[in-house]
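Everything on this sheet refers to the single structure shown next.
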Amino acid sequence: MKKMASLITALTIAAGLVGGAAAEDTNEAREFLQGGDISALYYVISNGGVYKDADGTPLFDNTDDIEAKVQNTVNYLASRGMDFARIRLTNNPGEPGELMSDGASRYHLPAGFEDEDDCLKLAKYAHAAGMKIQFTFNLSDYWSNNHQQYIPVDWQEKIKGRSYDESIAILTKCVADHVTDIMTKLTDEGVYPEYISLGNEISGGILYPYGYSYDTSADDATDSRPEGKKNWNAIASFINAGYDAAKAVSPDTKVIIHLEDMTGTYAANPDDRKGGAFWWFTDFKNAGGKWDVTGISYYPAWSAATIDNCVSFADALQTEYGKPVVVMESGYEWAPTRKDGYNGQLHEDNPVYKGVYDSTPEGQKGFLTELLTKFKASDSIIGSLYWDPMYIHVEDENRKNMTGWAHYYDEKGSDTADVNVVENTTLFDFDGKALPAFEAYEENAAGNAILYIYAGYDANGVLTAVQRCSNPDEFDHASMSGLRVKVIRWTGAEFLPPENLGVTVSGDTAM
């Protein structure tokens, strides 16, 4: 990469000497990353899930071991235009989470998946496939979001019987130690995550009830959100501990703070800088909180906001805080219901895209094509991650669901998968076949950091002219008449010789 950057700089200078004005330095172009969450791969494949390409051919053989199956699937994502992988680490999967409707039993995430072992291997495979890594420290044993941020059970034991202030100090150390441990293990494998995030959709705070962003009264308290007072100093203490720990191991890693979807709030009042995400980041900043990248979610089914609204929101956040934006989550239905005929997670009637992008494979592709194109063209958004591309429908021979959004213990004590609420928003259909949505990633990646460099040399071998084009059709033959032309295609990572470009170099011209 450094060699290519030097070449571009040299060609830019040469172009300035020949043409009288230096061309734009392409090496300064902003990188845009696109991909999705791959955390569920081991879970889905271990339960019998088979991913297939667009023609229906399995991505792996049934006789392959689990590691080969996972690696082949990650490689396929990379081959279809994805260069960004989100991996979410759950502290202790299998521990009790939120209450079920009976008010006594609790859901849990299946033990042995999305844990340290899973996530370290996924990061290694994604890195080997040439993808950039977004590693999420969930800081919980269960799903975490604005409504619930359960403290990991082993951390609960450490603060048992301690005072409020002592508990905050202990939890701060827990975060630092946890991030240091995992980052060290990642870098020991040669994986330096380009991005990490601390918590998931932490609009309400983190590690409840100590890190609340707003008061929760006794009347408003629930099992997942106990009574407590807002404490921005505690939020900053927890986040800064993880921030500093990550930087100590991998100084170039960027830290994302990820909030839930507030695009609709912004769209309703775009001049308000005291509400929504602006309230959150301003209070966090005033408490001394540190972050490098602002993370947001965007689901039009929930926010009733357009892609243009999301871009404007991201632009406003960057203007206000001086930090680029990654859209950490977005999704769209490719079928109106789950396979069982019931509604999935994103079933809300969405007025902004109703009749524009139907809940069909082509509708999903259309939505993603617009989203990726506009995100990439924005001044603020540097990455987009889909949720959840991989959490496909799997059933056994009795048509019993095998991949659920959470698990529970049935009346016989069996660990049972609940329904899969995202199986109709994945990027593979109910049979595991890749959907047309991948074409949106391929088409958007086609112009992603790709540059055709035409270098014109005179009879003495002196560089006298240069052109840089996004595709060969833009090449101006006349401007290099009489020169020997060399053609380089730069993808940001590799050189490809002219014969691999569909461009013929013949004599003094490039055809």
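The values are calculated or read from the model by the stated rules, or taken from the named source; none is laboratory data. Predicted, not measured: the structure shown is a model, and the values here were computed from it. Neighbour counts are summed over all protein chains in view; Cβ atoms, including those assigned to glycine, are modelled from backbone coordinates with ideal geometry.
Quick look at the values:
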{"quantity": "Any hit, region 467-486, residues being β-branched (Val, Ile, Thr), buried (at least 21 other Cβ atoms within 10 Å of the Cβ) and modelled with pLDDT under 70", "calculated": "no"}
{"quantity": "All positions within region 347-396 that are part of a loop (DSSP other than H, G, I, E, B), closer than 23 Å to Gly295 by Cα and touching a strand residue (DSSP E or B) at 6+ places or on another chain (Cβ under 9 Å)", "calculated": "Ser378, Ser380, Trp387, Asp388, Pro389, Met390, Tyr391"}
{"quantity": "Residues (surrounded by 18 or more Cβ atoms within 10 Å (Cβ to Cβ) and not in a loop (DSSP other than H, G, I, E, B)) located in region 195-230", "calculated": "Tyr195, Ile196, Ser197, Leu198, Gly205, Ile206, Gly211, Tyr212, Thr216, Gly228"}
{"quantity": "Failed item in (1) in contact (Cβ under 8 Å) with a residue 12 or more places away in the chain; (2) over 27 Å from Glu166 (Cα atoms); (3) not small (Gly, Ala, Ser), with Asp272 passing the rest", "calculated": "(1)"}
{"quantity": "Only one of Pro270, Pro251 that is out of contact with any Asp or Glu (no Cβ under 9 Å at 6 or more places or on another chain), closer than 17 Å to Tyr195 by Cα and in the same structural domain as Asp188 (by TED's automatic domain parsing)", "calculated": "Pro251"}
{"quantity": "Selection from region 329-359 of residues that are free of Cβ contacts under 8 Å to residues at least 12 places away in the same chain and not charged (D, E, K, R)", "calculated": "Gly341, Asn343, Gly355, Val356"}
{"quantity": "Lone qualifier among Asp181, Asp220 - being within 23 Å of Asp292 (Cβ to Cβ) and touching an Asp or Glu at 6+ places or on another chain (Cβ under 9 Å)", "calculated": "Asp181"}
{"quantity": "Some residue of region 114-134 being free of Cβ contacts under 8 Å to residues at least 12 places away in the same chain and closer than 24 Å to Asp388 by Cβ", "calculated": "yes"}
{"quantity": "Among the candidates Pro351, Pro324, residue that is surrounded by fewer than 19 Cβ atoms within 10 Å (Cβ to Cβ), in the same structural domain as Gly264 (by TED's automatic domain parsing) and not polar (S, T, N, Q)", "calculated": "Pro351"}
{"quantity": "Within region 154-210, tally of residues that are under 28 Å from Asp83 (Cβ atoms), in contact with a Gly (Cβ under 9 Å, 6 or more places away or on another chain) and free of Cβ contacts under 8 Å to residues at least 40 places away in the same chain", "calculated": "0"}
{"quantity": "Helices (runs of 4 or more DSSP H) completely within region 244-346 that count 3 or more residues being in contact with a Phe, Trp or Tyr (Cβ under 7 Å, 6 or more places away or on another chain) and more than 30 Å from Val419 (Cβ to Cβ)", "calculated": "276-286, 307-321"}
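Quick grid of which residues meet (1) small (Gly, Ala, Ser); (2) more than 24 Å from Glu95 (Cα to Cα); (3) touching a Ser or Thr at 6+ places or on another chain (Cβ under 7 Å):
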site: Lys160; (1), (2), (3): no, no, no
site: Gly228; (1), (2), (3): yes, no, yes
site: Asn231; (1), (2), (3): no, yes, no
site: Ala241; (1), (2), (3): yes, yes, yes
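This table checks each residue for (1) part of a strand (DSSP E or B); (2) in the same structural domain as Asp396 (by TED's automatic domain parsing); (3) surrounded by fewer than 18 Cβ atoms within 10 Å (Cβ to Cβ).
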position	(1), (2), (3)
Gly49	no, yes, no
Asp55	no, yes, yes
Asp61	no, yes, yes
Asp64	no, yes, yes
Ala85	yes, yes, no
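Per-residue answers, yes or no, for (1) surrounded by fewer than 19 Cβ atoms within 10 Å (Cβ to Cβ); (2) basic (Lys, Arg):
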| residue | (1), (2) |
| --- | --- |
| His127 | no, no |
| Thr136 | no, no |
| Trp143 | no, no |
| Tyr150 | no, no |
| Lys160 | yes, yes |
| Ile170 | yes, no |
| Ala176 | no, no |
| Thr187 | yes, no |
